[in-house]
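Notes follow the structure.
The values are calculated or read from the model by the stated rules, or taken from the named source; none is laboratory data. What you are looking at is a predicted structure, and each value in this text was computed from that prediction instead of being measured. Note that we place each Cβ from the backbone using ideal geometry, even for glycine, and neighbour counts take in every protein chain shown. Heavy atoms of the whole protein, side chains included, go into the accessibility calculation; ligands, DNA and RNA do not. Shrake-Rupley method; radii C 1.70, N 1.55, O 1.52, S 1.80 Å.
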Amino acid sequence: MLCRVQAGFPSPADDYVEQSLDLNEHLVRNPPATYFVRASGDSMEGVGIRPGDLLVVDRSIDPRPGLIVIASVQGEYTVKTLERRADRLWLAPANPRYTAIEVTSDSDLEIWGVVTHVIHRTMPEGGHARVRPG
């Protein structure tokens, strides 16, 4: 079911039901080229990618500077923003605690796709809500 929800004052949701919802229609543009990966680590927290998030990745999109990509560097997978700095390509983290990886002609690098969506939980594992002290 797809409906709009007011982020401000609450309103009855039944009046806003628009249609049934298939997440594949909204998240997957090219099914044969799309896959999902689970994020680990905190190097991309600055762009809203947190450990445990589910990333939707499309291999058919041309990886251009400014896009978040899944890359294999020296045989290890990473998610970073592809950047161009002074005519050089970099894989840049979104957390100042990490350093960018320069892409050179000697780099053992392969781009595995462009991240198109990030899905993360808003409820803790196990379904127990945290209670704020009053």
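Of note:
- For the pair Q19 and D42, the difference between a 0.36 nm per residue extended length and the Cα-Cα distance amounts to 4.7 nm.
- Kirkwood hydrodynamic radius (C-alpha pairs) into Stokes-Einstein, the stretch 13-96, 25 °C and 0.890 mPa s, D in µm²/s: 166 µm²/s
- Shown are I68, I101, whose ranking by accessible area with a 1.4 Å probe and every protein chain present, most to least, is I101, I68.
- Percent accessible area from carbon and sulfur atoms, the stretch 54-110, protein chains only, probe 1.4 Å: 47 percent
- Its Cα centre serving as origin, the stretch 71-131 has a Cβ charge dipole (Lys and Arg +1, Asp and Glu -1) of approximately 420 debye.
- Förster-model FRET efficiency, 30 Å R0, T122 and D62, C-beta, rounded to 0.05: 0.40
- The calculated FRET efficiency for the pair A7 and R29, based on their C-beta separation and a Förster distance of 30 Å, comes to about 0.70.
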